[in-house]
Amino acid sequence: MGPNTPIEQVPKVGSIFVKRLKRLKIASVEDLVHHYPFRYENLGTPTKISEIPLGNVASASGEVWQIKNVRTRYGKSLALATINDGSASIEAVWFNQPFLIKTIKQGAKIGLAGKVGLFSHRPTFINPEYEVLGSKATSRRSLHTRGFVSIYPETAGITSKWLRARIKETLPTILPRIGETLPRDSLTRNTLIPRKQAIWQIHFPENKKQIDSARRRLAFDELLITHIAALERKSTWTRNISGIKLAVQQEKVLSLISNLPFRLTNSQNKVLREILNDLTGEKPMNRLLQGDVGSGKTVIAAIVAYVLFLNGYQTSLMTPTEILAVQHFNTLRTILSPLGVKVSIQTSGIKREEPFDVLIGTHALITKSTSFDNLALVVIDEQHRFGVEQRARLRVRGNTPHVLTMTATPIPRSLALTLYGDLDVSSLNELPEGRKRVKTFVVPPVKRSKAYQFIRENTLKGQQAFIVCPFIEPSETLASVKAARQEYERLTKEIFPDLSLGLLHGRLASYEKKKTIDDFRNNRLSILVSTPVVEVGIDIPNASIMMIEAAERFGLASLHQLRGRVGRSAQQSYCFLFPESVSKQVLQRLRALEEHHLGLTLAEIDLKMRGPGQIYGTAQSGIPSFKIANLTDLPLILTARQEAAYISTHHDLKKLPSLKREIKKRSLVPPD
Ligand code: ADP
Ligand code: MG
């Protein structure tokens, strides 16, 4: 048996279990031993039965003096046992487990752990964990009922106890065949325990210290591997490939800028210089532009596309949603068409016009083969929606274009270092002048009608409001659409019969979406009821009220994005958050929005409270899924990053086969 042995060849793993294990993504022996516990129960050391106190969790072992099934008056079945360890006897009771008497036999030695309470007036283990430790002669040490017991991610039909037993049986054979990934000097420099030891300890620790050192080592490996992969991507990017070198025609660019209806902020100017600097260099640009909602990223993209046009090259701008593609199309057309730039759009619903200098579209642009004659710049808006792999694929298409990714979801430093180790980063850290903070309120149910009244008064004065219903499932499914439609109908009939409302969701046909948004943009609709499709990027300056239903279902970063849909002009804007639940925790989290108005601060708070997957939505985020590494652990991230750089320069990966194998297994490097 080796690491690659399929799981069905492991003793006691029948075909039913193979299926169940699949749900835990366990297909091989290696997957099994890398299925790490997410917590431990400390059952302590076995106590003499005579000394077990009532009301606590205890652990004991002894001989089964008797065991029997009894039925209660209400038809429930109980397994009752008496256990004696020489100091005293104690009872144990299990509810609805009539088959136990086949496993636990009179005369056997067993271990027990669990809560001890009174049952029929006697001290009793209530539904304890148990394990048969053999007969008196062949007794073994307990695995499930003493000390730190590992608790694993489980699935129907697979318990932690079962996993623990299989891992315990498998590990001694497998462990010698698990190679050390790190060179010895790395271990000493970073005070790490050997990998084999870490894998043993993560499953079967003897104390808290062993848990900590095992976690640290295994987390370090995950981070290190991600960093090395990023370094490799970066070095391929800069080593093998030369960029398309461009010239900047200063006067023309300055003339475009001076014809804009506003003055660029200092931040926008700085970022623009950084980008133009990349474009005139030898290497293809690979830059992340991050800037809070409303900081004005689109116009940067427009200016850069113009530079490309002046050099005779095409630009493509990709967005996560069709709605956003249409909006950008309109913005860029307004800015660029007067200068002779042909701006076109392509989405699943709209066919592009040929020829074009700038093509805007959804990511269907990448997946379907769109041919460009002369593509030299790819701009990806709202980048966190694109996976790392998609980014990578983009880069290897065609002629190594420059890549500019733009995101409004601010990324805490710890996360950015891990995710975007291969990108250069520019930040827009100021908003255009004159913007007012969006006044934000978490609204208790009793004040709902007041909020509606507020909306009515303000829309009658000509302002506009968004009402956002949450996704019911992780993405926009029919159920979510239905919920939004029902809310729309309720609001139209019962709350705002005198106002004009529109409904927007991702399942509408393109022309319907376009019409609804146009109507809202031109103030023919006062209220837009929508699923969170408006989250990303929609820019309608006259909208000044944002109301969000079931707000706690969103991450703070998403709520901040939604809130960013208002406050885009000089008028005072408002954001109302309606929570579904009023638990203290929920309210506390949402209140962060009343207080904080910087996306980065909010993202950091949420990262601490809910973890990265929750913030960015795991499936689409491009965040590598870590089993054990904690993305808020900045010190360990920095250490691993430093070590990755050291290993990359001082060691030959060919001589570190185990490390190489792990990198390959997790690697996000595109095939070349
Ligand atoms: P985001 O960074 O969220 O993508 P947008 O590019 O949509 O922001 O810009 C938000 C709004 O701010 C737009 O209406 C845009 O025209 C406007 N804007 C951009 N830059 C400036 C500026 N320097 N001064 C004033 N308004 C600006
Ligand atoms: Mg934007």
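The values are calculated or read from the model by the stated rules, or taken from the named source; none is laboratory data. As the structure is a prediction and not an experimental result, all values here were calculated from the model. FYI the Cβ positions are ideal-geometry reconstructions off the backbone, even for glycines, and counts take in every protein chain you see.
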*Scan the range 522-538 residue by residue and report those that are touching a Leu at 6+ places or on another chain (Cβ under 9 Å) and either of a type in the set (Gly, Ala, Ser) or more than 16 Å from ligand 2 (Cβ to nearest atom) (or both).*
LEU525, SER526, ILE527, LEU528, VAL529, SER530, THR531, GLY537
*Name the pairs: first residue in the range 502-526 and among the hydrophobic types (A, V, I, L, M, F, W, C), second residue modelled with pLDDT of 95 or more and in a loop (DSSP other than H, G, I, E, B), Cβ to Cβ under 6 Å, at least 6 apart or on different chains?*
LEU525/SER500
*Scan the range 254-269 and report the pairs whose first residue is more than 14 Å from SER426 (Cα to Cα) and free of Cβ contacts under 8 Å to residues at least 60 places away in the same chain and whose second residue is within 16 Å of ligand 2 (Cβ to nearest atom) and not aliphatic (A, V, I, L, M), with Cβ atoms within less than 8 Å and a gap of 6+ or a chain change.*
LEU264/GLY296
*Is it the case that some residue within the range 556-566 is over 22 Å from PRO320 (Cβ atoms) and buried (at least 18 other Cβ atoms within 10 Å of the Cβ)?*
no
*Looking only at the range 570-594, count how many residues are without any contact (Cβ under 8 Å) to a residue 60 or more places away in the chain and either among the hydrophobic types (A, V, I, L, M, F, W, C) or closer than 19 Å to LEU528 by Cβ (or both).*
2
*Return the only residue of THR145, THR181, THR170 being crowded, with 18+ Cβ neighbours inside 10 Å, touching a Gly at 6+ places or on another chain (Cβ under 6 Å) and touching a residue at least 24 places away in the same chain (Cβ under 8 Å).*
THR145
*Out of LEU324, LEU289, LEU264, LEU256, sole residue that is within 35 Å of the chain's Cα centre (by Cα), assigned to a helix (DSSP H, G or I) and either within 15 Å of ligand 1 (Cβ to nearest atom) or modelled with pLDDT of 95 or more (or both)*: LEU324
*Restricting the search to the range 302-321, which residues are within 12 Å of ligand 2 (Cβ to nearest atom) and over 27 Å from the mean Cα position of the chain (by Cα)?*
ALA302
*asked:* Quick check on the range 483-531: of everything there that is of a type in the set (S, T, N, Q) and within 33 Å of the chain's Cα centre (by Cα), which residue is farthest from PHE554 (Cα to Cα)?
replied: SER510
*So which residues in the range 242-272 are under 30 Å from ARG563 (Cβ atoms) and either more than 16 Å from ligand 2 (Cβ to nearest atom) or of a type in the set (A, V, I, L, M) (or both), if there are any at all?*
ILE257, LEU260, PRO261, ARG263, LEU264, ASN266, ASN269, LYS270, VAL271, LEU272
*Criterion violated by HIS35 - all others in (1) modelled with pLDDT of 90 or more; (2) assigned to a strand (DSSP E or B) satisfied*: (2)
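Answer yes or no: is there a residue in the range 327-341 that is of a type in the set (Lys, Arg) and either within 13 Å of ligand 2 (Cβ to nearest atom) or in a strand (DSSP E or B) (or both).
no
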_Pairs needed: first member in the range 271-282, farther than 15 Å from SER427 by Cα; second member anywhere, assigned to a helix (DSSP H, G or I); C-beta distance under 7 Å; at least 6 residues apart or different chains._
LEU279/VAL307
*Hey, could you check the range 539-552 for residues that are surrounded by fewer than 21 Cβ atoms within 10 Å (Cβ to Cβ) and closer than 17 Å to LEU528 by Cβ and say which is nearest to ligand 2 (Cβ to nearest atom)?*
ASP539
*Out of the range 1-28, which residues are in contact (Cβ under 8 Å) with a residue 60 or more places away in the chain, under 13 Å from LEU163 (Cβ atoms) and not in a loop (DSSP other than H, G, I, E, B)?*
PHE17, ARG20, LEU21, ARG23
_Checklist (1) buried (at least 21 other Cβ atoms within 10 Å of the Cβ); (2) over 22 Å from ILE517 (Cα atoms); (3) of a type outside the set (A, V, I, L, M, F, W, C) applied to ASN311, failing item_ = (1)
*(1) modelled with pLDDT under 90; (2) touching a Leu at 6+ places or on another chain (Cβ under 7 Å); (3) surrounded by fewer than 23 Cβ atoms within 10 Å (Cβ to Cβ): which one isn't true of ASP519, the others all being true?*
(1)
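Right, VAL299: within 11 Å of ligand 2 (Cβ to nearest atom) and either more than 25 Å from GLY564 (Cβ to Cβ) or without any contact (Cβ under 8 Å) to a residue 40 or more places away in the chain (or both) or not? Walk me through how you get there before you give the answer.
On the way: within 11 Å of ligand 2 (Cβ to nearest atom): yes; either more than 25 Å from GLY564 (Cβ to Cβ) or without any contact (Cβ under 8 Å) to a residue 40 or more places away in the chain (or both): yes.
Answer is yes for this residue.
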*Within the group ALA92, ALA81, ALA60, which residue is touching a strand residue (DSSP E or B) at 6+ places or on another chain (Cβ under 9 Å), buried (at least 17 other Cβ atoms within 10 Å of the Cβ), among the small types (Gly, Ala, Ser) and closer than 21 Å to PHE204 by Cβ?*
ALA60
*Have a look at SER235, SER255 and point out the one that is hydroxyl-bearing (Ser, Thr, Tyr) and under 22 Å from ARG661 (Cα atoms).*
SER235
*Could you give every pair whose Cβ atoms fall below 9 Å, whose first residue belongs to the range 553-568 and is away from ligand 2 (no atom under 13 Å from the Cβ), and whose second residue is among the aromatic types (Phe, Trp, Tyr) and part of a loop (DSSP other than H, G, I, E, B), counting only separations of at least 6 or pairs across chains?*
ARG553/PHE471; PHE554/PHE471; LEU562/PHE554
*Out of (1) in a helix (DSSP H, G or I); (2) at pLDDT 95 or above, what's the single condition that is false for THR238?*
(2)
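Residue-wise test of (1) in a helix (DSSP H, G or I); (2) closer than 24 Å to PRO261 by Cβ; (3) in contact with a His (Cβ under 9 Å, 6 or more places away or on another chain).
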| site | (1), (2), (3) |
| --- | --- |
| ILE545 | no, no, no |
| ILE548 | no, no, no |
| HIS560 | yes, no, yes |
| GLN571 | no, yes, no |
| PHE576 | no, no, no |
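Results for (1) surrounded by fewer than 16 Cβ atoms within 10 Å (Cβ to Cβ); (2) modelled with pLDDT of 80 or more; (3) assigned to a helix (DSSP H, G or I), shown as yes or no for each residue.
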| residue | (1), (2), (3) |
| --- | --- |
| ARG591 | yes, yes, yes |
| LEU607 | no, no, yes |
| ILE623 | no, no, no |
| LEU638 | yes, yes, yes |
| ALA645 | yes, yes, yes |
| LYS654 | yes, yes, yes |
| SER658 | yes, yes, yes |
